[in-house]
Every structure is written in C-alpha cells, then in structure tokens.
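What follows is one structure encoded as structure tokens, with my remarks underneath.
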Amino acid sequence: MPNLDHPTLPILKKAFPNAKLLATEFRGQTTVVVDKAIAHDVLAFLKNDAGTAYNFLADITSVDYLGYPKSRHETPAGRFAVIYNLTSHRDTTRFFVKVMLEPTLPTDGIADDPTLHVDSVCDLWPGAEWLEREVYDMMGIHFDQHPDHRRILLWEDYPAHPQRKDYPIVGRGEREHYQVIGRDNA
C-alpha cells in the first residue's frame with residue numbers, strides 16, 4: 001500500500017476541493033494526476049503558494065502508454081501523459097504532476113488532434129520552453145500559448161513523432177532518403 005503522506009497533498013486538496021485528484025507513490029516519489037483543464041492552475045499554485053514553493057521545474061517529459069496493461073488501481077484513462085517534475089529549493093522536496101491525454105484521431109502524426117493539447121507553463125517557468133518543444137517534437141503533444149512552438153530536434157516538416165510506441169523502429173524511410181555529406185562536399 002502506498003504511503004501518501006507527502007506534505008503537499010493536503011495543501012493541494014484544500015486549495016482545489018472540487019477537483020478530482022489522484023495521488024500515487026512509487027519508490028518514495030509522489031505523483032498527483034490532474035485533469036488538463038486545471039493543470040496550469042495547479043502548477044501555478046504549486047509554484048506560488050508559500051506552503052509548497054515548488055520554484056524549480058526540473059523536467060517535463062511524456063509517456064506513451066500504448067499497450068500498457070491496466071489494473072484496477074491504474075491512473076485515469078489516457079494513452080499519453082505529460083509529467084512535470086517539480087522541486088522546492090526551500091526544503092528540497094520533489095513532486096510530480098501528471099496530465100493524462102487520450103487521442104481521438106489516429107496517431108499517425110499527421111493530423112492535429114485537439115485532445116493532445118495542454119497549456120504551456122512558460123509563463124510560470126521560462127525554462128520550460130525547450131522542454132515543451134522536445135515533448136512536442138518527440139510525442140506530438142501541443143502546448144497552447146507556447147512562445148515558439150516548433151520542432152527542436154527534427155526538421156520542421158518531419159511527418160511524425162518518433163517516440164510514440166506505434167512509430168516503426170526502422171523509421172518511415174528516413175534512412176533511405178538520407179543524404180550523406182562527406183568532408184569534401186560539406
């Protein structure tokens with residue numbers, strides 16, 4: 001049975017009494033799953049509230065749960081998750097916020113699925129700009145109100161998002177069309 005005595009949980013529950021929050025713990029790390037509609041408000045609260053003071057955004061990452069076995073204790077439905085790794089410098093506590101997203105369109109990387117959008121947190125942590133761009137580039141999750149929403153690792157017209165689990169391991173023809181540039185013609 002998880003030990004859910006993280007000091008942030010009662011503060012968060014008191015601040016958002018009507019929100020559906022799901023807390024989990026794994027290897028001593030606490031995660032709260034929030035709805036994407038209130039995710040920005042929750043993250044702003046965690047940063048600005050004197051009781052929490054998560055002033056450092058250590059990372060933003062994403063997970064593709066395609067084919068992941070679900071149990072009765074599993075997080076809410078959603079193929080994709082955006083995970084915010086927060087740290088408080090005041091007392092060195094770490095806290096994770098997860099937002100689950102369920103695509104409604106085929107995930108071929110071509111169509112812009114309106115369900116794969118979350119609000120950007122660049123207004124809270126300016127360092128989130130590159131982290132959000134990486135999640136967009138690799139997984140195709142859009143960050144609304146992002147100041148520079150474009151790919152960061154792949155070229156702009158790349159047709160897919162290669163860290164999705166349904167992306168073919170050998171790629172989709174990238175290697176066959178790759179132009180090798182040698183020292184003599186660089």
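The values are calculated or read from the model by the stated rules, or taken from the named source; none is laboratory data. Remember, predicted model here, so these are calculated numbers, not experimental data. Using ideal geometry, Cβ is built from the backbone for each residue, glycine included, and neighbour counts are taken over all protein chains shown.
Some values worked out for this structure:
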{"read-out": "Subset of region 51-104 [at pLDDT 90 or above, in contact with a Pro (Cβ under 9 Å, 6 or more places away or on another chain) and among the hydroxyl-bearing types (Ser, Thr, Tyr)]", "value": "Thr52, Thr93"}
{"read-out": "Subset of region 1-17 (residues that are over 22 Å from the mean Cα position of the chain (by Cα), modelled with pLDDT of 90 or more and assigned to a loop (DSSP other than H, G, I, E, B))", "value": "Pro7, Pro17"}
